[in-house]
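A short worksheet on the structure shown next.
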Amino acid sequence: MSVTKRAAAEFIGTFWLVLGGCGAAVLAGSGIGTLGISFAFGLTVLTMAFAIGHISGCHLNPAVTVGLTVAGRFQARDVPAYVVAQVLGAILAAALIGFVAGSCDNLASNGVGAHSPGGFSSAAGWTTEIVMTLMFLLVILGATDKRAPAGFAPIAIGLCLTLIHLISIPVTNTSVNPARSTGPALLEGGIALQQLYVFWIAPIVGAAIAGIVYKWFEED
């Protein structure tokens, strides 16, 4: 399948991830709490994995794309198309949430230090994002390994993202995904945009480490 069609699937999938996850946080957050928001993010990935996994691989996340590339599971030449599609999908979703909410002042942006939901330090935020993304990629790589039980990968990956949110929403509002962070930050501006670099660097570092580690596991 052409990279254009696969990137289009990534655009739709990432749009759904941000609309479902951040939309739940912004529009229903006070009613569903951290548990509900965590499941909203997990369910977006689970549903899209079944819907477009056979089309694009359902990355929905530049860090996932990088991690899979480092692990030798994805062609480097297709990374730019995927990343651009993911970011554009996230921006469109954030804009739609802002329209429905009537304001772009709070779009569930990510933050550390002064912008951390629970007042956690910048170091805590960086560490959390690196470690959570690393573990997310290890689960993705393991669940989609040809030696793993067939058909269960979307469930494992969706539940993993749910767990990650349960752990890290208080620390950074949970990114582990540069595209998910970019959409809200661009529209909110201010400190969310100023700190956006954290949520590109940390997840990609964690994903790259996971790719190296899993590739080592696969060596004879």
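The values are calculated or read from the model by the stated rules, or taken from the named source; none is laboratory data. Everything quoted here is computed from the prediction, not taken from an experiment. Note that we place each Cβ from the backbone using ideal geometry, even for glycine, and neighbour counts take in every protein chain shown. Just the protein is used for accessible areas: all its heavy atoms, side chains included, with ligands, DNA and RNA removed. Shrake-Rupley method; radii C 1.70, N 1.55, O 1.52, S 1.80 Å.
Computed values, structure above
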item: Filter result for Pro62 (without any contact (Cβ under 8 Å) to a residue 24 or more places away in the chain, within 17 Å of the chain's Cα centre (by Cα) and closer than 26 Å to Gly211 by Cβ); result: no
item: Residue count, region 108-142 (criterion: open to solvent by less than 20 Å² (accessible area, probe 1.4 Å) and either among the basic types (Lys, Arg) or farther than 21 Å from Gly36 by Cβ (or both)); result: 7
item: Which numbered condition Ala95 misses (of (1) over 19 Å from Val171 (Cβ atoms); (2) modelled with pLDDT of 95 or more; (3) not in a helix (DSSP H, G or I)); result: (3)
item: Flag if Pro117 is at pLDDT 95 or above and out of contact with any helix residue (DSSP H, G or I) (no Cβ under 7 Å at 6 or more places or on another chain); result: no
item: Within region 50-80, tally of residues that are of a type in the set (Gly, Ala, Ser), open to solvent by less than 40 Å² (accessible area, probe 1.4 Å) and out of contact with any Leu (no Cβ under 9 Å at 6 or more places or on another chain); result: 2
item: Failed condition for Ile201, given (1) under 22 Å from Ala85 (Cα atoms); (2) touching a residue at least 40 places away in the same chain (Cβ under 8 Å); result: (2)
item: Residues of region 143-174 that turn out to be open to solvent by 70 Å² or more (accessible area, probe 1.4 Å) and closer than 20 Å to Phe120 by Cβ, as a count; result: 3
item: Residue match in region 192-215 (condition: among the charged types (D, E, K, R), modelled with pLDDT under 95 and in a helix (DSSP H, G or I)); result: yes
item: Options Ile12, Ile37, Ile91, Ile97: the member that is open to solvent by 60 Å² or more (accessible area, probe 1.4 Å), farther than 20 Å from Ala143 by Cβ, touching a residue at least 60 places away in the same chain (Cβ under 8 Å) and among the β-branched types (Val, Ile, Thr); result: Ile12
item: Contacts under 7 angstrom Cβ, first residue in region 124-144 being touching a residue at least 60 places away in the same chain (Cβ under 8 Å) and closer than 15 Å to Pro62 by Cβ, partner open to solvent by 20 Å² or more (accessible area, probe 1.4 Å) and not in a helix (DSSP H, G or I), 6 or more apart; result: none
item: Single condition Gly89 does not satisfy, out of (1) over 20 Å from Val26 (Cβ atoms); (2) part of a helix (DSSP H, G or I); result: (1)
item: Qualifying residues in region 176-195 (those that are over 8 Å from Ile91 (Cα atoms) and among the polar types (S, T, N, Q)) - the one most open to solvent (accessible area, probe 1.4 Å); result: Gln194
item: Glu188 being over 14 Å from the mean Cα position of the chain (by Cα) and at pLDDT below 95; result: no
item: Counted residues, region 165-188 - those being of a type outside the set (Ser, Thr, Tyr) and free of Cβ contacts under 8 Å to residues at least 60 places away in the same chain; result: 2
